[in-house]
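One structure below.
Every read-out reported here was derived from the displayed coordinates using simple, explicitly stated rules and does not represent laboratory data. Treat the numbers as computed from the prediction; the structure is a model and nothing was measured. Here the Cβ is made from the backbone with ideal geometry for all residues, glycine too, and neighbour counts use every protein chain on show.
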Amino acid sequence: MTEHHDECQEAVHAVYRYLDGEVEHTEELRITQHLRRCRGCSDAIDFERTFLLRIRTACPEEPPPALIERIKELLRRADDG
Ligand SMILES: [Zn+2]
């Protein structure tokens, strides 16, 4: 119980470094293994990963609406064959 709690604490504390790939190889392995066993932490990491991904893929320069329309148009045509 106590050990499990410690592992959870470690995983949670290292989550950002883990997602950035900045943890030591041994630590990464330990966390990966823990995530396989622990639903709570694996859910938490999934949430953080999605959140980080959303922040990183949010482009500071929005593509112009005209470009978006053009791409949609091209996709529609591609769909029609
Ligand atoms: Zn855990």
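Tabulated values for the structure
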read-out: Potential lengthening between residue 74 and residue 25 on full extension [0.36 nm per residue; Cα-Cα distance subtracted]; value: 13.2 nm
read-out: D_trans [Stokes-Einstein, Kirkwood Rh over alpha-carbon pairs] for the chain, 4 °C, 1.567 mPa s, µm² s⁻¹; value: 84 µm²/s
read-out: At R0 = 35 Å, FRET efficiency that the Cβ-Cβ distance of residue 67 and residue 43 yields, to 0.05; value: 0.45
read-out: Taking segment 2-81 and dividing mean pair separation by its residue count, relative contact order in percent (alpha carbons under 8 Å, at least six apart); value: 27 percent
read-out: In Hz, Karplus ³J(HN,Hα) per residue of segment 36-49 (6.51, -1.76, 1.60; θ = phi - 60°; x = Gly, Pro); value: 5, 8, 10, 5, x, 6, 5, 5, 4, 5, 4, 4, 5, 4
